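Down below is the structure, laid out as structure tokens.
Here, each number is a calculation from the coordinates, and none is a lab measurement. Keep in mind it's a predicted model, so treat the numbers as computed, not measured. Note: ideal-geometry Cβ built from the backbone for every residue, glycine included; neighbour counts use all protein chains shown.
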Amino acid sequence: MMISILRTVILYAFIIFAIRLMGKRQISDMQPSELVVTLVISDIASLPMQNTSQPLLSGVIPVLVLVALEIAASTLMLKSRRFRRLICGNPVVVIEDGKLLQKQLKRLRMSAEDLLAQLRLQNIFSIDEVQYCIVETNGSLSVLEKPQHRVPTAEDLGVTISDSKLEALVVSDGELLREGLQLCQSDQEQINNILQKNHKNLSEEFLLTLNGAGQYRIISKETT
């Protein structure tokens, strides 16, 4: 029993490492080759987990080979546009100036119902509102609404908005986050000054957010 648990833990950690090597992607953002590799890796790894008589390397080696192939394919796609088109395909315009391009939908084997459902998820309830709708290589939709249906920007309205810069989490559960400090271009001294000004203690704070303009928010830990 302990051997099975140990093998599962080892393979679990190894698969996480392998997926990290391939890069950060959500399932919906994966290209076909990435999705195939992810599915095959999960299938291969399950075999030595279930069968303890099978050598652990029989699951590790194929996973390493697949990860190496995916990294090589990704590198080649960066260098060769033709190879990328072969593996991933091309974006396809399915709506142009409010007109549904039926031939393109048939080419993608995509029904009008599916297209309209995805448009509704983007708060678009009429094809007439769409100037361009493009099905990307990963299957997601990119939509450009007609000018009269777009949300006006501050530039359109002639309004000047002050830039508060990026807000980042710099303290989490009493711990100072170095990566958060880098994001908002701050340092530990500024955090110490903020805590001192508000008579707070780092270890007693649940979170502290800070932006590049120096604006912050402190939430203390709840006392039980």
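Details
- Comparing L56, L11, I191 along the charge dipole axis of the chain, the residue lying farthest to the positive side is L56, per the Cβ-charge model.
- Label-reachable residues, segment 181-221, where backbone N falls under 15 Å from a point 7 Å from L169's Cα toward its Cβ: 181-184, 205-211, 217-221
- Full-stretch length increase - M2, S126 - with 0.36 nm per residue and alpha-carbon distance subtracted: 38.8 nm
- Remark: segment 108-206 carries a charge dipole of roughly 140 debye about the Cα centre, counting +1 on each Lys and Arg Cβ and -1 on each Asp and Glu Cβ.
- Per-residue ³J(HN,Hα) for segment 69-83, Karplus 6.51 cos²θ - 1.76 cosθ + 1.60, θ = phi - 60°, Hz, x for Gly and Pro: 5, 5, 5, 5, 5, 5, 5, 5, 5, 5, 8, 10, 5, 5, 5
- Our coupling estimate for segment 179-196, obtained by passing each phi through the Karplus curve with A = 6.51, B = -1.76, C = 1.60 and θ = phi - 60°, is 5, x, 4, 5, 5, 9, 6, 10, 8, 5, 4, 5, 5, 4, 5, 5, 5, 5 Hz, Gly and Pro reported as x.
- A cut-off of 5 Å between modelled amide H atoms, ignoring neighbours fewer than 5 places along the same chain, links V130 with G98, K146.
- Charges were assigned to the Cβ only: +1 to each Lys and Arg, -1 to each Asp and Glu. The resulting dipole of segment 92-149 about its Cα centre is roughly 260 debye.
- For the residue pairs K79/K146; K99/K165; K197/K221, alpha carbon separations beyond 28 Å are given by K79/K146; K99/K165.
- In Hz, Karplus ³J(HN,Hα) per residue of segment 108-122 (6.51, -1.76, 1.60; θ = phi - 60°; x = Gly, Pro): 7, 6, 10, 7, 5, 4, 5, 5, 5, 4, 5, 5, 5, 5, 9
- Rounded to the nearest 20 debye, the dipole size of the chain about its Cα centre is 960 debye, using +1 on the Cβ of Lys and Arg and -1 on the Cβ of Asp and Glu.
- Selected from V60, V93, V159 as most flexible by GNM, with the chain as the system and alpha-carbon contacts under 10 Å: V159
- Segment 92-149: antiparallel DSSP beta bridges as a percent of all, rounded to 5: 100
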